[in-house]
Structures are given as C-alpha cells and as structure tokens.
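Comments concern the structure below.
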Amino acid sequence: MDAQKQVSGCLSITGRTMDQSTLPDRHNPKLRQRLFKSLGLTPYLNQREIITLGALRLHCELYRASAEAPCLIFIPGIGTYSELYCESLAKLSARGYNVISVDLRGHGYSGGERGLYRVNDVIEDLSLVIDFLQSEFNDKIGIFGCSIGGRLALAMAEADSRVRAILCHTLFLSEMPPDIWHMIGWSSLSVSSLFMPALKIDFRYFIDVDSLLQNNPMGRFANQDPLLVWEYPIETLHSLYNHSSTILSKPLGIPSAVIIGSHDAVFSMTYIRELIRRSTQPFELIEITDAEHMLPFDQVEETVAAAHAWFAKQTW
C-alpha cells in the first residue's frame, strides 16, 4: 500500500486497499470485500482514495481525474454512505471530474453519533471538503446531492459562495410541503424536537425502503449492513425538514438543476415541476424516463450520462 501523506492538513490515504486503522470497529473488511467482489464492484472501489478531514474524522472517497478538471462533491442519500455509490462515482469521474463523496457525520465511516447532525453541521463539514479541493485541485466546485443530499446541496450553495453549480436528485422545501400530511409531519417535528430531541425514529416507518431496493443488487443485504443508518434522532429530522431556503424569494445566481426519475414515488414529478415554477432561482429539469427513485443504483449509465451532460455545459 502507498504511503500516507499530509495534504493541506488533511490525511490522504491512497492505494488499492484501505488502511483498516482508519475504520470503525463495526467494519468487517473480509465480508465486505467478498460482497463487493460478488457484485462486480471491486474495480470501481480500487480507483478511490480515502480522505479523512477534521477532528471529527469526516470520511470522504475521492475519484481523481486531473488537476484542471472540475470538482464534484457527491452527497449520499438518507441512511447511506459513499462506498455504496462506487460504480456511479467512478464512471462519473471517468467523464472528466474529480469526484469526492462524503459520508455525512454519523454515517458510514465518518465519526460522530450515529444519525445525528444538523444542516449547519453539514455546511461546516462540506466547507472543509471545499477547502481540500481548492488546495488539491482548483476552485471549479459543483455539488451533486442524492435524494436528501439534494436538499443539503441547496443549503450548502446558499451558505457558501464557492459553490458554482448544484445538481439535486429530487428536491423539497420546508416552505412548500408536497401535501397536508407532509405539512403536519414536518410541523410535528418542530414541537417534538423541543421536548425529546434525542428520541430516534426509524425512517422505514414512513418510506417504503423494500420497494425502493427491489431492483438494487445490494438490497437483500441492507438489513445486515451495520453501516447503514435507519434510525434518526428527531433533532436531525427536524433540522432537515424545517431548514429554511430563500429561493422562493431570491435567486442563487448559479446554474442549478433537478434530476428525477419520471416515476419517482418519494417526491413526485408534479411536486418538482411546481417547486421549479415557484422558485425565483431557475432550475433545469432533467427527467430520466421510466425510472423510479434509486437513480444512482438502478439507472447508473443514464444518471451518469445526464449528470455529465449537464455539468459539461457549465463555464465554471
């Protein structure tokens, strides 16, 4: 394995395998290696570098293109972590991008209490990622947020002017609930967070995970994966679903797009079209035909091609 090196105060570990000393005890390397090999994912995983940032030990996985290539920060969907997206990340990087995926704090291999973060925490963590990218590559910074990561991408773009483009895989705004049931649920989180912020809720109670994973080869292993987060403190959910945005009244001023499957059942195409219509920030709508919610897993080639086509249009 290649030697460890210090890059701008960030630990970069390169090579074909990971330094096991950097991983939590819950990691079972031999079992996971067999699983990834059986799914044909090992060639993609071998292309990554492991980057650890900050005192919290934020775990990032970097797919390197070149010093001049644009840099894309990938934010995984709810409960997941970078390693699971290796095929999409590697193929996107091969199109000419330095792609770095972030395990949110409390997720995957990152430090922190499992499932616990606030949106402002994520903004601080992603700021460290941008610092690293600027020191290692350049300032052509874009964000590709998957599912809940799309909302976090928007929050980051609103908070940090160094973000030059965002691609959101679905999107929602707390100011614009999709229906009365979402409005009631999001409002109840505000009250509950005052009295029992640490109480954990299993998000499988309100999202049909089995349906989402039915076409995913890794779906049958989901319940045995100790790195997946199923339960979230109310404090986290309240922050996610009640974080305010300004785009209904003030544009961001950067290129923005929403990518969505035409049959997405988490946030419907109708809702996304209405959000775009009401937003003062222009969003391009990218529709993957006959696709559902799990685009980076179920429609890898189509999603990578669409993301590349959109980012390639940007002048940075």
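The values are calculated or read from the model by the stated rules, or taken from the named source; none is laboratory data. The shown structure was predicted, so the numbers you read here are calculated from the model rather than taken from an experiment. Glycine also receives a Cβ, built like all others from the backbone with ideal geometry; neighbour counts cover every protein chain displayed. Calculation scope for accessible area: heavy atoms of the full protein, side chains included, ligands and nucleic acids excluded. Shrake-Rupley method; radii C 1.70, N 1.55, O 1.52, S 1.80 Å.
Converting phi to 3J(HN,Hα) with the Karplus coefficients 6.51, -1.76 and 1.60 and the offset θ = phi - 60°, the range 126-137 yields 5, 4, 5, 5, 5, 3, 4, 4, 5, 6, 8, 10 Hz in sequence order, with x at every glycine or proline.
Put simply, the amide H of residue 201, placed in the peptide plane, has neighbours under 5 Å in 232, 234, leaving out anything fewer than 5 places away on its chain.
For the range 168-203 and the range 123-146, compute the distance between their C-alpha centroids and round to whole Å. First find each Cα centre; the distance between them is then 28 Å.
The stretch between residue 290 and residue 179 holds 37.6 nm of extra length on full extension. This uses 0.36 nm per residue minus the Cα-Cα distance. Modelled this way, with points 7 Å down the Cα-to-C-beta line, the labels at residue 95 and residue 135 are 3.0 nm from one another. 3J(HN,Hα) along the range 296-307, derived from phi through the Karplus expression 6.51 cos²θ - 1.76 cosθ + 1.60 where θ = phi - 60°, amounts to x, 9, 8, 10, 4, 5, 5, 5, 5, 5, 5, 5 Hz, with x in place of Gly and Pro. Rounded to the nearest 500, the 222 nm mean residue ellipticity of the chain from helices alone is -10000 deg cm²/dmol, with -39,500 (n - 2.57) taken per DSSP H run of at least 4 residues.
Subtract the Cα-Cα distance of residue 34 and residue 207 from 0.36 nm times their separation in residues, and report this length gain in nm to one decimal.
59.3 nm
What the chain shows is 43 Å² of accessible area per residue, with the surface traced by a 1.4 Å probe over protein heavy atoms.
Run the numbers for residue 188 and residue 231: contour at 0.36 nm per residue of separation, minus the present Cα-Cα distance, in nm. Walk me through the numbers before you get to the answer.
Values: separation 43, 0.36 × 43 = 15.48 nm, distance 1.74 nm.
That works out to 13.7 nm of additional length.
Working note: Karplus 6.51/-1.76/1.60 with θ = phi - 60° gives the range 243-255 the couplings 6, 7, 10, 10, 5, 6, 10, 9, x, 6, x, 10, x Hz, where Gly and Pro are set to x. Residues whose amide H lies under 5 Å from that of residue 288, counting only those 5 or more places away or on a different chain, are 260, 261, 262; hydrogens are built 1.01 Å from N in the peptide plane. Taking the 1.4 Å solvent-accessible surface of the range 93-182 as the whole, the part contributed by carbon and sulfur is 49%.
Inter-label distance, residue 305 to residue 198: 5.1 nm, where each label sits 7 Å from its Cα along the C-beta direction.
Once both labels are positioned 7 Å from their Cα atoms along Cα-to-Cβ, the gap between residue 224 and residue 242 label points is 4.0 nm.
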